[in-house]
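**Q** After the structure tokens below, expect a handful of questions from me.
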Amino acid sequence: GPMADEYDTSESEVNPAGNVTTPDPLANGADTQPQIGVISQYVKDLSVENPNAPDVYQWNAQPQIDVQFNIGSSQVSDEVHEVELKIEVTAKADEGVAFAVELLYCGLLGLRNVSEEQAHPFLFAEAPRLLFPFARAIIADAVRDAGFQPLLLEPIDFTALYIQQREQMAAGQAGEQPVGNA
């Protein structure tokens, strides 16, 4: 199918563990190598509201679905960060709210020998990309358990979102605000 090319590893050497190896001639020992990995992932908060059941099952119109995303990150210890992927889904019809799901899904990520510049895109673009399929499945199940057709969220291009937000921030900083040089 169309997914196949995403997993095409013909370009790079893959060792038996499935990790892509990138030799680093500058490293003089394993402990200077940047290491990044998911330690664990978990639901921190999940709420499912179905305020108009059972009448809602008789409504004819398809509800309008509104989806909001938020990504946060906090440092837990020297080498561990928690990344929070918050997804809020609200389905509204003319008659009222059909369902509302709010999910806070988190990952604990280990980062060793990683600079701040490298860590930031990982925490705010790559980590959410890794967490999203699991969050998406939880939301689909929650909506189904509330008695509706399972809602499958569209895949999100977190890297593009990240770059866009960085550019907006940079543009804001370069804007009209006085920097302090008279």
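**Q** Among Ile71, Ile163, what's the order by accessible area (1.4 angstrom probe), most exposed first?
**A** Descending accessible area places them as Ile163, Ile71.
**Q** Determine the shape class of the range 85-182: with a ≥ b ≥ c the square roots of the Cα gyration tensor eigenvalues, call it rounded for a/c under 1.5, and otherwise prolate if a/b is greater than b/c, oblate otherwise.
**A** Oblate.
**Q** With each pseudo-label sitting 7 Å past Cα toward Cβ, what's the Gln173-Asn70 distance in nm, one decimal?
**A** 2.4
**Q** What percentages, rounded to whole numbers, describe P(r) for the range 47-111 computed over all alpha carbon pairs with 10 Å bin width beginning at zero?
**A** Per 10 Å bin, starting at zero, the Cα-Cα P(r) for the range 47-111 comes out as 20, 35, 20, 15, 8, 1 percent.
**Q** Rounded, prolate or oblate, given the Cα gyration tensor of the range 20-158, with a/c below 1.5 counting as rounded?
**A** prolate
**Q** Are there any chymotrypsin sites (Phe, Trp or Tyr not before Pro) in the range 55-94 that are in a DSSP loop and have at most 12 other Cβ atoms within 10 Å? List them by number.
**A** Passing sites in the range 55-94 do not exist.
**Q** Grab the beta carbon distance between Asp94 and Thr32, set R0 = 45 Å, and tell me the FRET efficiency rounded to 0.05.
**A** 0.15
The values are calculated or read from the model by the stated rules, or taken from the named source; none is laboratory data. Just so it is clear, the model here is predicted, and its values are computed rather than measured. Quick reminder, even Gly has a Cβ in these numbers, built from the backbone with ideal geometry, and neighbours come from all protein chains shown. We work out accessible area using only protein heavy atoms, side chains counted, and drop any ligands, DNA or RNA first. Shrake-Rupley method; radii C 1.70, N 1.55, O 1.52, S 1.80 Å.
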